[in-house]
Structures are given as structure tokens and as C-alpha cells.
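Here's the structure we're looking at; comments come further down.
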Amino acid sequence: MEANLSLMYVISLFSVLIAFAFAAYLFLWVRRQKSTNARINEVAALIKEGANTFMRKEYRVLSIFAGIAAVIIFLLLPSPVWTGHPGRNLSMAAAYVAGTALSAIAGKIGILVATNANARAAEGARQGVRPAFLIGFRGGAVMGLAVVGFSLLGVCGVLWLAGDSSILLGFSFGASSLALFAKAGGGIFTKTADVSADLTGKVELGIPEDDPRNPAVIADNVGDNVGDVAGMGADLFDSNVAAMTSALVIAQSLGGQANTAMVFCYAALGLIASIIGIATARIDKGGSPTRALNASTYVTTGLFIVLTALATLIFHDFSWRIWGASTVGLLVGVIIGITTDYFTDDSKPIVQKVARASRSGSAFTVLSGVSYGFVSALPAMAGIAISALTAYRLCAPMGSDYAMFGIAMAAVGMLSIVGMIISNDAYGPIVDNARGLAEMGGLGEKTIRVADELDSAGNTVKAVTKGFAIGAAGLTVISLLGAYLSEVNEALMAAGKAVITGFDIMDPSVFFGVLIGAAIPAVFSAMLMLGVDKNAQRMVAEIHRQFSSIPGLREGHTGAKPEYDRCIDIATSGALMELIPAGLAAIVATVVVGFAGGPLAIGGFLLGNIVSGLLLALFMSNAGGLWDNAKKYVEAGHEGGKGSKAHKAAVVGDTVGDPFKDTAGPSINTQITVVSLVASLMSGLFAAWSLLG
């Protein structure tokens, strides 16, 4: 039986409808759970209002940026509009706007469900781990299903309407650019509040993490939603779209419908596997939340492998070699998750060693965390390299272009279970908020201990999902490099110039690009972390002002209420001020290198950017997760417990790690994707004119 592209569109849209219906059911199920504590509902309302206010202001800024970008795209891409093809330019601009809009909608849905689930998860923790776990996980699953559903719907719709995979690059760029700024803005917001709350509360005053006396505590909880829910959702929406886009661009260059049909078939089956995995996720009474989250991931992985094998068996024009490449990508993604878990789980030796080092002071906390963070990057980097090489070798006998298609399908395979991955990731901030609400609502030590257990699992799983997302981005951008090569060669042939067969680093143009490209992730990270630094200093000053000027606040007297909204305003204004420059710098650098050095220089630029970016992203994400759980390990009573010298040192390590793991680290993989897409979109312009190329 031969695969029919129209049939695959139908299957894809059917899976999207099932995903949306199931997401609606889960949302209504979460809404039905009890939330009766007046104090918790009051604080939860403040969190919801703060998150919605920030998102509204952020989207207003980003809509202006998107509008300007859409006009530039219409005028210049894929070729200047005055050359006589306005229809293609209009399609590219419309696809770009659609990409930004769907990414924004997915993020908004995530915020809606997370701010409804947090109070209910706190109440559920009074009954034990199981009820609270289900509320947190099912709340996160709404986000996961929405992200994957919208990404598959968007890619299907754009390709069906335009019939040209090159137009998909515009859709992917829209998703990526919004993700870049949403992740940067949300990351700056959340870590401004988190760092300020920890330094003033735990280190200076010795008060609990979510003590309602701390003016930054509500801003911290708001940040969990705008950074870890909306920001991470936009990030994985972008990764999923970029993976499918690169695969479809290469598939269309190969000719025929079978390869294009295979991309949609595998993506749809991945969504169905995620739906089944989410529906069957369970935790026994007294069971481990981390084990339950991991088990649901393994179930989804197994289902995807089986379902795609059956599809490859049924449709005889599907290649088993391509199936092997996608399976390798998925399995390597799981292995990256397992190795990340080893370096960030507080039940494993690495976190415990860093906690032990904290007894000697904060310098040793930082030194040990940095060292283990660098070591942790090796397994993931090796995994990405092995999966790319294996996929390439598997598919190379089918033809040289099929080798790059194999790498693209490995990325599709790795992201096939992204619905489950986002569900696990969004679970983290929901239970983190629940832990804070349990403390502020006075639910007692037993409930807080349950919430702590759920939160610790959330931290570990968030570190795993970040590693997974970065690994997937690594494979995606390698395949995007193939898409760039395909696009630029088409432009070079049209201009009557020699095509590019590869990027030789001994070529001075390529080496020029490699050096500049390798520096960009470091500069990008520095700009984001300096944004957190400057903003946090302003918030710390505001917290000090409130503690010194509001009578009875420090002592916790009845009627002495902190001005939470002042801290939320500081985090919001600072994040909006800092979110554009870093992303714009990466885009401008790509354009400058392209017009200065030409297509070969851009190839080198992408190579340097990929290698340097992946290393820094993995290091920062893992080191940050490691410090966070080392702090929680000490707070659980180890190495002296709360208030000890080790605790204060561990808090310092956590404040260093916060902008690593939640601002710069997970934003770098989006930055890599954005510059890769800019290179592909502007390849025709770089081929037509450059200063030295």
C-alpha cells in the first residue's frame, strides 16, 4: 500500500482534534477539583493577575516587533518584492504571522491552566501525593497537547495552502522568533524575582522560601508561570515546528510524496502516543512522582516506536532506514534525559557531593557545580553526535540528500513525544506554585512536605526536559543546516554560480564565520544574565525599602502587608526592557556575517553557533538544576539543614544557577534555531550579494 499525502493530512488533523478534545477534558477535570482555602485563593488570584498582566504587556511589545518583521519579510523574502513575485512574499509574511500567533496562543493556554491548577494542587497535597500529582500532571498535559496540536495544525495548514515547503520557513521563523523573545522575557522575569526573594529572604533574614512577608514572593510565583510554562511551551513549539520544517524542506527537494507523507505520519503518531501516555499516567499511593513521570515517558516512547513500525510495514513506500533514523533520535533523547537525571536528581551522588561541598562555603558550591555542569555536557553532546552520525550512515545508501533527511527525521523522532515532554515540564511550575501556596495558606508541615516531594520531582524532570529540548534542537539545527544548503544552492544555480557541496573549515570565509558564530551564544547569554542581574538589584533595593518602611512587616504583625505589586512591576518592566536586545543582536550578527562573507561564511557561522551554543546550553541548564536540587537536599535536613552554613552556601549556588537554567541556558537552543532560519530565509540575498564572498 502506498502512502497518500492527502490521507496523511487527514490523519494529522484527526490526531489534532483528538488532542484538543482530550486537552479540553483535562482542563475541565482540573477546574472541577476543590479549592476552598480563602487565603490560597486570594494569593492564587494575585499570581493569575500578575501572569496575565505580564503576558499582555509582553505580547503587545512582541506584536509590534512581529508587525515590523512581517513588513520586512514581505518586502525582501524569499526575494525582493519588486522582482515580480509578490504572491510568494505575501505567503511568506502571512506564514510568519501565523507562526507567531499560534505560538502565542499555546503559551496563553498554558498560563490559563497553570494558574487554575496551582491552588487545586496545593489543596490536593492535603490528601497526599497522588491527588496533588494528578492535578499537577494533568494541568501540564493541557499545555503539552495544545503545543503539539497547534504546531502540527499550523505546519499542515501552511503546506496544504502554499504547497511550497520554503514558505514553511517563514512559519517556523515566526514560531522561533516569538519563542526566543518569550523565553528571554519570561526567564528574566522569573529569575529576577527568584534571585531577589532567595537572597533577601533565606540568606539575609533566614525566613522560609515562600514566606508571605517577602514582597518578592508573589512575583516569584508569577515568574514560574511566565518563564517555565509560557516560555518553555513556546520554546518546544518552536523546536517541534523547526524539526518538521527542516524535514519537509529536504523531503520536497528529494521529490515525490512518500517522504513528505512520512513526516506527517510520524508526527501524528507521536501525538497519538503522547495522548495514550498521558491518559495512562498513574502514581500509586505513596509512590514516587519522579518514577511516575519517567514511566509515562517510557510508555510513550515504546508506543511511538511500535506505531511507526506498523505504519512503515503498512505503507511499503516508507523506508525502514528512515524509520531507523527516527527511532535512533528518540532513543538518544531518552538517554540524554537519563544522563541529565543522574547529574540533577538529589537522590543521586552528584547533587549530594555539591551539597557536601557547601559545608565549606559558597565558593566551593559554585566551583563544584560549575565543574560537574561541564562534565554533564559530554554525554548529551556525544548522544547528539552519535544520533546524527548513525542517522546519516543509515540513510546514506539511499543517496547523499537522503543522509541529511535521515538526520532531520532523527530530530522529528526525538521530538515525536514532545506532548509528553511538555506535560512533564509544565507539571514543574504548577507544583512549585502549589508548594508556595501551601506555605502561605498555612496548610501545615505535613502538606508542605508532600508539596516539597512533588516540587523536587518537578525540578528533576524540568532539568531532564531542558536537556531533551536542547538535544532535539541540536539535531534540528543540523538538519536546518541541510535545509540552508538546499535553499542557498537553489539560489546559486538561479544566479549561474557554483553550488556548495560542503563547508571546509580551511576555507578562510568558512573559518571567519565559525569564529563569529561560536562567540554569539556567549554574548547572547551574557546579555540575558546581565538583564537578570540589573533587574534583581532593583528588586532587592525595593524589598529592603519595604522591610524598613512598612511597620511590623519584618516581624510579621497582623495588618502589615507587603506591596507585592511593586515587585511584579519591577520584574515586568525590566523583562520587557531587556528581552529584545539579546535576540536582536543574534539576528543582526547573522545578517552582517551573511552580507560580509557570503554563503560560505554563513555555513561556518552556523557550525560555530551550533557547537558553542549546545555546549553552553547543556552546561548552564544542568549546572542550574544541580544547584537547585543541592539546595533542596540541604533543606530536607541533610548537611546541617535549613539555616546552616551549608544552606546559605547552597542558596548562593542556586541564585547563580537560576539565570543559568531558566534564562540563558534554555534560550540558547532557540537562538540557534532562529539564526539557522534567518540564514535559510535570506540565503537568496546572501547568494546574490556579499562583500567578500
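The values are calculated or read from the model by the stated rules, or taken from the named source; none is laboratory data. Just so you know, these numbers come straight off a predicted model, no measurement behind them. Quick reminder, even Gly has a Cβ in these numbers, built from the backbone with ideal geometry, and neighbours come from all protein chains shown. These accessible areas exclude ligands, DNA and RNA; they are computed on the full protein's heavy atoms, side chains included. Shrake-Rupley method; radii C 1.70, N 1.55, O 1.52, S 1.80 Å.
Being farther than 26 Å from residue 97 by Cα and either of a type in the set (Val, Ile, Thr) or open to solvent by less than 60 Å² (accessible area, probe 1.4 Å) (or both) is the filter here; which residues of region 48-63 pass it? Give the derivation first.
Taking region 48-63 as the starting set, the residues that turn out to be farther than 26 Å from residue 97 by Cα are 48-50.
50 - this is the single residue of region 48-63 that is farther than 26 Å from residue 97 by Cα and either of a type in the set (Val, Ile, Thr) or open to solvent by less than 60 Å² (accessible area, probe 1.4 Å) (or both).
Say whether the condition of being in contact with a Leu (Cβ under 6 Å, 6 or more places away or on another chain) and surrounded by 24 or more Cβ atoms within 10 Å (Cβ to Cβ) is met by at least one residue in region 608-625.
Residues of region 608-625 in contact with a Leu (Cβ under 6 Å, 6 or more places away or on another chain): none.
No; the residues of region 608-625 include none that is in contact with a Leu (Cβ under 6 Å, 6 or more places away or on another chain) and surrounded by 24 or more Cβ atoms within 10 Å (Cβ to Cβ).
Which of the residues spanning region 211-239 are surrounded by 24 or more Cβ atoms within 10 Å (Cβ to Cβ) and part of a loop (DSSP other than H, G, I, E, B)? Break it down into steps so the answer makes sense when it comes.
Step one: filter region 211-239 for residues surrounded by 24 or more Cβ atoms within 10 Å (Cβ to Cβ), giving 214-239.
Result: 214, 215, 216.
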Among the residues of region 240-259, write down those that are open to solvent by less than 10 Å² (accessible area, probe 1.4 Å), of a type in the set (Gly, Ala, Ser) and out of contact with any Leu (no Cβ under 6 Å at 6 or more places or on another chain). 242, 247, 251
Is it the case that region 500-509 has a residue that's open to solvent by 20 Å² or more (accessible area, probe 1.4 Å), assigned to a helix (DSSP H, G or I) and modelled with pLDDT under 90? no
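If you scan region 1-35, which residues turn out to be part of a helix (DSSP H, G or I), within 24 Å of residue 268 (Cα to Cα) and open to solvent by 80 Å² or more (accessible area, probe 1.4 Å)? Steps first, please.
Of region 1-35, the ones part of a helix (DSSP H, G or I) are 5-32.
After this cut, where a residue has to be within 24 Å of residue 268 (Cα to Cα) as well, the list is 5-27.
Of everything in region 1-35, those that are part of a helix (DSSP H, G or I), within 24 Å of residue 268 (Cα to Cα) and open to solvent by 80 Å² or more (accessible area, probe 1.4 Å) turn out to be 10, 14, 17, 25.
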Counting just the residues of region 260-299 that are of a type in the set (Gly, Ala, Ser) and open to solvent by 30 Å² or more (accessible area, probe 1.4 Å), which one comes out farthest from residue 629 (Cα to Cα)? 279
Answer residue from region 166-200, given it is open to solvent by 10 Å² or more (accessible area, probe 1.4 Å) and farther than 16 Å from residue 620 by Cβ and is modelled with the highest pLDDT among those: 173
Take residue 364 and tell me if it is more than 30 Å from residue 38 (Cβ to Cβ) and open to solvent by 10 Å² or more (accessible area, probe 1.4 Å). yes
Of all residues making up region 548-564, the number that are touching a residue at least 60 places away in the same chain (Cβ under 8 Å) and in a helix (DSSP H, G or I): 1
Among (1) crowded, with 24+ Cβ neighbours inside 10 Å; (2) within 23 Å of the chain's Cα centre (by Cα), the one test that residue 656 misses: (1)
Scan of region 80-114 for residues that are among the hydroxyl-bearing types (Ser, Thr, Tyr) and in contact (Cβ under 8 Å) with a residue 40 or more places away in the chain, ordered by number: 91, 96, 100, 103
Pull out all pairs, ordered by first then second residue, where Cβ-Cβ is under 8 Å, the residues are six or more apart or on different chains, the first lies in region 352-377 and is farther than 26 Å from residue 470 by Cβ, and the second is β-branched (Val, Ile, Thr) and modelled with pLDDT under 95. 358/634; 362/652
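Looking at 488, 461, which one is farther than 24 Å from residue 663 by Cβ and crowded, with 24+ Cβ neighbours inside 10 Å? Lay out the reasoning, then the answer.
Working: 461 fails: farther than 24 Å from residue 663 by Cβ.
Checking each option against the conditions leaves just 488.
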Would you mind stating whether residue 155 is at pLDDT 95 or above, outside any loop (DSSP other than H, G, I, E, B) and crowded, with 20+ Cβ neighbours inside 10 Å? yes
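Every residue in region 289-309 that is within 20 Å of residue 410 (Cβ to Cβ) and either free of Cβ contacts under 8 Å to residues at least 40 places away in the same chain or in contact with a Gly (Cβ under 6 Å, 6 or more places away or on another chain) (or both), please.
Start the filter on region 289-309 by keeping residues that are within 20 Å of residue 410 (Cβ to Cβ), which leaves 297-298, 300-309.
Matches in region 289-309: 298, 300, 302, 303, 304, 305, 306, 307, 309.
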Say whether the condition of being in a helix (DSSP H, G or I), within 30 Å of residue 351 (Cβ to Cβ) and not polar (S, T, N, Q) is met by at least one residue in region 591-612. yes
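Here is a yes/no grid of residues against (1) surrounded by 22 or more Cβ atoms within 10 Å (Cβ to Cβ); (2) within 29 Å of residue 664 (Cβ to Cβ); (3) of a type in the set (Ser, Thr, Tyr):
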residue: 542; (1), (2), (3): no, yes, no
residue: 547; (1), (2), (3): no, no, no
residue: 559; (1), (2), (3): no, no, no
residue: 566; (1), (2), (3): no, yes, no
residue: 573; (1), (2), (3): no, yes, yes
residue: 579; (1), (2), (3): yes, yes, no
residue: 589; (1), (2), (3): no, yes, no
residue: 606; (1), (2), (3): yes, yes, no
Only one of 138, 126 is part of a helix (DSSP H, G or I) and either surrounded by fewer than 24 Cβ atoms within 10 Å (Cβ to Cβ) or among the basic types (Lys, Arg) (or both). Can you tell me which? 138
Looking at (1) in a helix (DSSP H, G or I); (2) over 28 Å from residue 253 (Cβ atoms); (3) in contact (Cβ under 8 Å) with a residue 24 or more places away in the chain, can you tell me which one residue 545 breaks? (3)
Selection count, region 94-123, where residues are in contact with a Phe, Trp or Tyr (Cβ under 7 Å, 6 or more places away or on another chain) and open to solvent by 10 Å² or more (accessible area, probe 1.4 Å): 4
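Looking for whichever is within 21 Å of the chain's Cα centre (by Cα), surrounded by fewer than 23 Cβ atoms within 10 Å (Cβ to Cβ) and farther than 30 Å from residue 291 by Cβ here; the options are 45, 70, 66, 38. Which one fits?
Numbers: 45 fails: within 21 Å of the chain's Cα centre (by Cα); 70 fails: within 21 Å of the chain's Cα centre (by Cα); 38 fails: within 21 Å of the chain's Cα centre (by Cα).
Within the list 45, 70, 66, 38, the selection yields 66.
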Tell me the residue from 617, 630, 623 that is touching a residue at least 24 places away in the same chain (Cβ under 8 Å), over 26 Å from residue 384 (Cα atoms) and assigned to a helix (DSSP H, G or I), please. 630
